[in-house]
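Asks: Supplied in structure tokens, the structure appears directly below.
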């Protein structure tokens, strides 16, 4: 079969274009570049984050890199030990001021006595996000509700409104907005009672937390929290982690009403006759 010179030129050009396309894809892959994920939309056109979510990390034990270690209750053996885990702090460094670092170490040494989680107090932000319990996001055009299994905690984020704190609270006063695909929440008005983890990392009432929830797939979010607190830290710092959708069907949020389990710890010393251990 006789092939014309024009046909050869067309085929050669097509092959060259294909080769360039493959090289371009390879270069994009090697540099980590990919098309940004666009989430499904709510009826008002915003990214749909509705659902039940949960982290899969050890940040509630310690937000920094940590080895496994014996827990404070030796009688429980492995049931209350601390598993090893990678930290969620960007750079793995928390920039404490010297006096604050000393307090952090004291908190860690007396964790079982001082950690507000032991007493079933509200977890604060961002700790509520990475405790080992699920939480639910419910969106409306004007508000975004976060409902947490632990301690029946919740917060209502006012969208496109600046909320001024009236009093100091455990969960803060959140104001939300959309930055493209990302839900951005700025919270202030915290008290100084919540911790970041069981390792004694803490903050003051000057805390400001800026959170970013970015969908990276239908069933995963990238979460970032920027921490600012001039009374405790020398500069702002960040946590970063993925959050995953719970896929059970039907999926529902069960309450973990832990108050009744903490009453003896908080009020047991007021008993006329001490309660015997079980």
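The values are calculated or read from the model by the stated rules, or taken from the named source; none is laboratory data. Note that this is a predicted model, so its numbers are computed, not measured. Here Cβ is always computed from backbone atoms with ideal geometry, including for glycine, and neighbour counts include all displayed protein chains.
Asks: Please work out if residue 257 is in contact with a strand residue (DSSP E or B) (Cβ under 7 Å, 6 or more places away or on another chain) and at pLDDT 90 or above.
Replies: Details: in contact with a strand residue (DSSP E or B) (Cβ under 7 Å, 6 or more places away or on another chain): no; at pLDDT 90 or above: yes.
No, not satisfied.
Asks: Another question, then. Condition check: in contact (Cβ under 8 Å) with a residue 60 or more places away in the chain and either closer than 18 Å to residue 225 by Cα or surrounded by fewer than 18 Cβ atoms within 10 Å (Cβ to Cβ) (or both). Does residue 131 satisfy that?
Replies: Working: in contact (Cβ under 8 Å) with a residue 60 or more places away in the chain: yes; either closer than 18 Å to residue 225 by Cα or surrounded by fewer than 18 Cβ atoms within 10 Å (Cβ to Cβ) (or both): yes.
In short, yes.
Yes/no per residue for (1) buried (at least 20 other Cβ atoms within 10 Å of the Cβ); (2) modelled with pLDDT of 95 or more; (3) outside any loop (DSSP other than H, G, I, E, B):
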position: 102; (1), (2), (3): no, yes, yes
position: 105; (1), (2), (3): no, yes, yes
position: 124; (1), (2), (3): yes, yes, no
position: 136; (1), (2), (3): no, yes, yes
position: 146; (1), (2), (3): yes, yes, yes
position: 152; (1), (2), (3): no, no, no
position: 155; (1), (2), (3): yes, yes, yes
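Asks: Does at least one position in the range 265-278 carry a residue that is touching a helix residue (DSSP H, G or I) at 6+ places or on another chain (Cβ under 9 Å), closer than 23 Å to residue 106 by Cβ and surrounded by 11 or more Cβ atoms within 10 Å (Cβ to Cβ)? Write out each step before concluding.
Replies: Of the residues in the range 265-278, the ones touching a helix residue (DSSP H, G or I) at 6+ places or on another chain (Cβ under 9 Å) are 265-266, 271, 274-275.
Applying the additional criterion that residues be closer than 23 Å to residue 106 by Cβ yields 265-266.
Subsequent filtering for residues that are surrounded by 11 or more Cβ atoms within 10 Å (Cβ to Cβ) retains 265-266.
Yes, the range 265-278 has at least one match.
Asks: Which count do you get for residues in the range 214-254 that are touching a helix residue (DSSP H, G or I) at 6+ places or on another chain (Cβ under 8 Å) and either farther than 26 Å from residue 194 by Cβ or outside any loop (DSSP other than H, G, I, E, B) (or both)?
Replies: Looking only at that region, the number is 9.
Asks: Identify the single condition in (1) within 20 Å of the chain's Cα centre (by Cα); (2) outside any strand (DSSP E or B); (3) touching a residue at least 60 places away in the same chain (Cβ under 8 Å) that residue 192 does not satisfy, given that it satisfies every other one.
Replies: The number of the failed condition is (3).
Asks: While we're here: Name the single residue that is surrounded by the fewest Cβ atoms within 10 Å (Cβ to Cβ) among those in the range 37-82 being without any contact (Cβ under 8 Å) to a residue 60 or more places away in the chain, part of a loop (DSSP other than H, G, I, E, B) and in contact with a strand residue (DSSP E or B) (Cβ under 9 Å, 6 or more places away or on another chain).
Replies: Taking the candidates together, the pick is 67.
Quick grid of which residues meet (1) over 23 Å from the mean Cα position of the chain (by Cα); (2) over 24 Å from residue 245 (Cβ atoms):
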position	(1), (2)
83	no, no
102	yes, yes
120	no, yes
136	no, no
143	no, no
148	no, no
166	yes, yes
